[in-house]
1. Tell me, please, whether a residue that is of a type in the set (D, E, K, R), out of contact with any Cys (no Cβ under 8 Å at 6 or more places or on another chain), part of a loop (DSSP other than H, G, I, E, B) and exposed (fewer than 14 other Cβ atoms within 10 Å of the Cβ) can be found in the range 53-73.
2. Yes or no: residue 62 of a type outside the set (Val, Ile, Thr) and over 14 Å from the mean Cα position of the chain (by Cα)?
3. Please tell me if residue 78 is surrounded by 15 or more Cβ atoms within 10 Å (Cβ to Cβ), touching a strand residue (DSSP E or B) at 6+ places or on another chain (Cβ under 9 Å), without any contact (Cβ under 8 Å) to a residue 40 or more places away in the chain and of a type in the set (A, V, I, L, M, F, W, C).
4. Tally up the residues in the range 97-113 that are out of contact with any Ser or Thr (no Cβ under 7 Å at 6 or more places or on another chain) and not in a loop (DSSP other than H, G, I, E, B), please.
5. Could you list, ordered by first residue, the pairs with Cβ atoms under 7 Å in which the first is in the range 38-50 and closer than 15 Å to residue 85 by Cα and the second is surrounded by fewer than 11 Cβ atoms within 10 Å (Cβ to Cβ), at least 6 apart or interchain?
6. Looking only at the range 24-36, which residues are within 21 Å of residue 111 (Cβ to Cβ) and outside any strand (DSSP E or B)?
7. With 44, 25 as the choices, which residue is within 20 Å of residue 99 (Cα to Cα), surrounded by 16 or more Cβ atoms within 10 Å (Cβ to Cβ) and in contact with a strand residue (DSSP E or B) (Cβ under 9 Å, 6 or more places away or on another chain)?
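FYI, it's all coordinate maths here, none of it is from the lab. Please read these numbers as outputs of a predicted model, since none were measured by experiment. With ideal geometry, Cβ positions are generated from the backbone for all residues, glycine too; neighbour counts draw on all protein chains shown.
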Amino acid sequence: MITYWHNPRCSKSRQGLALLQERGATVEVRRYLENAPSVAELRAVLAQLGCAPLGMMRPAEGRFRDLGLTRDSDSETLIAAMAANPILIERPIAIAGGRAVIGRPPEALLTLL
């Protein structure tokens, strides 16, 4: 089972989901903009990604600037910002077997299969 943080308005997210489904993966879709992850969930996914919070964020997103965030903001501030503003989370993210992958490019998701 792959948990897939999905934004159906994003072409890369739609491509990644189609790619996983074409390969026969069982996918549980989570529309993370409507069902935002908690701070604890974000910490767990960051650990599975093996990256700093900025690595799973969209710093070019207008909301990032609106909140006064910078690339130098501390980790806890960035995690709290993602929990309160899920539009800041890079998409898509697939999670399975204790690992997570950001689907940029969508083919990166295939490493979970």
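1. Yes, the conditions are met somewhere in the range 53-73.
2. yes
3. So residue 78 passes the test.
4. 10
5. No pair meets every condition.
6. Passing the criteria: 24, 25, 26, 32.
7. Just one listed residue meets the conditions, 25.
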